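> Questions regarding the structure given below will be posed in turn.
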Amino acid sequence: MVLELCVVVVCATSAAGKMMEVMVVAALLACAGGALIPEVQITVLEKPYICKRRTKNGDMLLVHFEGFLESNGTRFHSTYADNNNQPVWFTLGIKEAIKGWDKGLKDMCVGEKRKLVVPPSLAYGKEGKGKIPPESTLIFDLHLIEIRNGPRSHESFQEMDLNDDWKLSREEVKAYLKFEFEKHGGAMNETQHEVLVESIFEKEDDDSDGFISAREFTYIHDEL
């Protein structure tokens, strides 16, 4: 679509003669600039033969990963080396991680391994973070260990809203998380539950009234 618009602009302005050459150049530059949209480069390194479920926004993902600076190959974090070989949980599609992860880990199968090359605008941008300098392109090697229903799926809101008042309390969110983990044979200690619940409320409770309303809960779902 961008290319078609560029052709139309160039042809129209060229027909006007040499006096329009400057406008033609400007149009080309504008079109070229509009086409350069940063994206995550995704390479599937390993994929299971059978895939019963693929990741979607709202899912809770358990992942192992290593992160490297593209500029010099320096490893800035590894769940294997820096996290006592423990993978980490995060919820896909709610800006809990960098934008590059939200984009690069969709439609992924349990057991799948991917390499992501994430441009600065989808990582830590001009500010950088910790060991990551500003304007750094990042490389991630990720291994998806597990997928669980997240507390933010469309159907989950009604399941979580135990008293049908169209808003969620901390107790309701915590009860749902505990139920989901136990249903899948997992276990989370009390501290983990509290941290996850507080993280959810920090992002969702826009008016800070101690509840997450149906409006505050809503976000862009792939399935809607």
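> Checking the condition of a type outside the set (Ser, Thr, Tyr) and touching a His at 6+ places or on another chain (Cβ under 9 Å), which residue from Val88, Val117, Val110 passes? Write out each step before concluding.
Values: Val117 fails: touching a His at 6+ places or on another chain (Cβ under 9 Å); Val110 fails: touching a His at 6+ places or on another chain (Cβ under 9 Å).
Result: Val88 is the single residue among Val88, Val117, Val110 that is of a type outside the set (Ser, Thr, Tyr) and touching a His at 6+ places or on another chain (Cβ under 9 Å).
> May I ask you to list the residues in segment 58-75 that are free of Cβ contacts under 8 Å to residues at least 12 places away in the same chain and either part of a strand (DSSP E or B) or open to solvent by 60 Å² or more (accessible area, probe 1.4 Å) (or both)? Outline the logic, then answer.
The initial filter retains those residues of segment 58-75 that are free of Cβ contacts under 8 Å to residues at least 12 places away in the same chain, namely 72-73, 75.
Across segment 58-75, the qualifying residues are Asn72, Arg75.
> Please work out if Leu105 is of a type in the set (A, V, I, L, M) and in contact with a helix residue (DSSP H, G or I) (Cβ under 7 Å, 6 or more places away or on another chain).
Details: of a type in the set (A, V, I, L, M): yes; in contact with a helix residue (DSSP H, G or I) (Cβ under 7 Å, 6 or more places away or on another chain): no.
So Leu105 fails the test.
> Let me ask something else about it. Given the structure, is Arg170 within 24 Å of Val197 (Cα to Cα), among the charged types (D, E, K, R) and open to solvent by 10 Å² or more (accessible area, probe 1.4 Å)? Explain how you work it out, then say what you get.
Numbers: within 24 Å of Val197 (Cα to Cα): yes; among the charged types (D, E, K, R): yes; open to solvent by 10 Å² or more (accessible area, probe 1.4 Å): yes.
It is true that Arg170 is within 24 Å of Val197 (Cα to Cα), among the charged types (D, E, K, R) and open to solvent by 10 Å² or more (accessible area, probe 1.4 Å).
> Right, here's the next one. Quick check on my filter: what residues within segment 76-128 are at positive phi and either touching a residue at least 40 places away in the same chain (Cβ under 8 Å) or open to solvent by 40 Å² or more (accessible area, probe 1.4 Å) (or both)? First the steps, then the outcome.
First, pick out the residues of segment 76-128 that are at positive phi: 84-85, 93, 95, 107, 111, 125, 128.
Answer for segment 76-128, where residues must be at positive phi and either touching a residue at least 40 places away in the same chain (Cβ under 8 Å) or open to solvent by 40 Å² or more (accessible area, probe 1.4 Å) (or both): Asn84, Asn85, Gly93, Lys95, Asp107, Gly111.
The values are calculated or read from the model by the stated rules, or taken from the named source; none is laboratory data. All values derive from a computational prediction rather than experimental measurement. As a convention, Cβ positions derive from the backbone with ideal geometry for all residues, glycine included, and neighbour counts pool all protein chains shown. The protein model used for the area step is the full one, side chains on, heavy atoms only, and it has no ligands, DNA or RNA in it. Shrake-Rupley method; radii C 1.70, N 1.55, O 1.52, S 1.80 Å.
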